[in-house]
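To start, the structure itself, in structure tokens.
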Amino acid sequence: MLIRVDVDSPHALYDQVAASIRADILAGALVPGDRLPAARDVATALDINQHTVLHAYQRLRDEGLVDLRRGRGAVIAASAAPLVELAHEIDGLVRRAAAVGVSAETLAGIVRTHRAPVDDPGTRAPRRTNRTTEEDSP
């Protein structure tokens, strides 16, 4: 696994680290169960702050691609496996969109706002948490 960052890029360093790992998952270079390097090691190798790497790992965790476990570090989650299969379909969609004049930014916006059909068993409803403390109780 090779993580690259460009300090002159307008994109945040943590986004670049996360994008690099995400790309390795899509390419099949990282599979469920693979451990990511310790944040300290990545930070040292890239000459960036350790918290920047941790932020990238947390973002990937929030996307469901990485499991973070105290003492075990960051591990590629089982839920990342379907992404390899989807990568080919995504490539085709991007090519078709470009062929009809739809920009990557527009396509990304459409994907962000798209909601899967409710009856699709492969989709999950957004998680909603209602937390109440004793102070909130009447």
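The values are calculated or read from the model by the stated rules, or taken from the named source; none is laboratory data. If you're wondering where the values come from, they're calculated on a predicted model, not measured in any experiment. Neighbour counts are summed over all protein chains in view; Cβ atoms, including those assigned to glycine, are modelled from backbone coordinates with ideal geometry. Heavy atoms of the whole protein, side chains included, go into the accessibility calculation; ligands, DNA and RNA do not. Shrake-Rupley method; radii C 1.70, N 1.55, O 1.52, S 1.80 Å.
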Residues satisfying the stated conditions in segment 106-123, i.e. modelled with pLDDT under 85 and surrounded by 10 or more Cβ atoms within 10 Å (Cβ to Cβ): ALA116, THR123
Matching residues in segment 58-76 - criterion: being farther than 11 Å from LEU36 by Cβ and outside any helix (DSSP H, G or I): GLU63, GLY64, ARG69, ARG70, GLY71
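Restricting to segment 63-78, count the residues that are open to solvent by 60 Å² or more (accessible area, probe 1.4 Å) and small (Gly, Ala, Ser).
The initial filter retains those residues of segment 63-78 that are open to solvent by 60 Å² or more (accessible area, probe 1.4 Å), namely 63, 68-72, 78.
Remaining after also requiring small (Gly, Ala, Ser): 71, 78.
Residues flagged as open to solvent by 60 Å² or more (accessible area, probe 1.4 Å) and small (Gly, Ala, Ser) within segment 63-78 amount to 2.
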Condition check for VAL53: within 14 Å of the chain's Cα centre (by Cα), of a type in the set (Val, Ile, Thr) and within 20 Å of LEU83 (Cβ to Cβ): no
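So for segment 22-35 (the condition being touching a residue at least 40 places away in the same chain (Cβ under 8 Å), part of a helix (DSSP H, G or I) and not basic (Lys, Arg)), does at least one residue qualify? It would help to see each step written out before you state the result.
So the first thing to find is which residues in segment 22-35 are touching a residue at least 40 places away in the same chain (Cβ under 8 Å), and the list is 22, 25-28, 30-35.
Still in the list and also part of a helix (DSSP H, G or I): 22, 25-26.
Next cut, not basic (Lys, Arg) only: 25-26.
Among the residues of segment 22-35, at least one is touching a residue at least 40 places away in the same chain (Cβ under 8 Å), part of a helix (DSSP H, G or I) and not basic (Lys, Arg), which makes the answer yes.
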Matching residues, segment 87-105, being within 17 Å of LEU26 (Cβ to Cβ) and surrounded by 12 or more Cβ atoms within 10 Å (Cβ to Cβ): ALA87, ILE90, LEU93, VAL94
Residues that are open to solvent by less than 60 Å² (accessible area, probe 1.4 Å), under 13 Å from TYR14 (Cβ atoms) and not hydrophobic (A, V, I, L, M, F, W, C), drawn from segment 25-62: THR52, TYR57
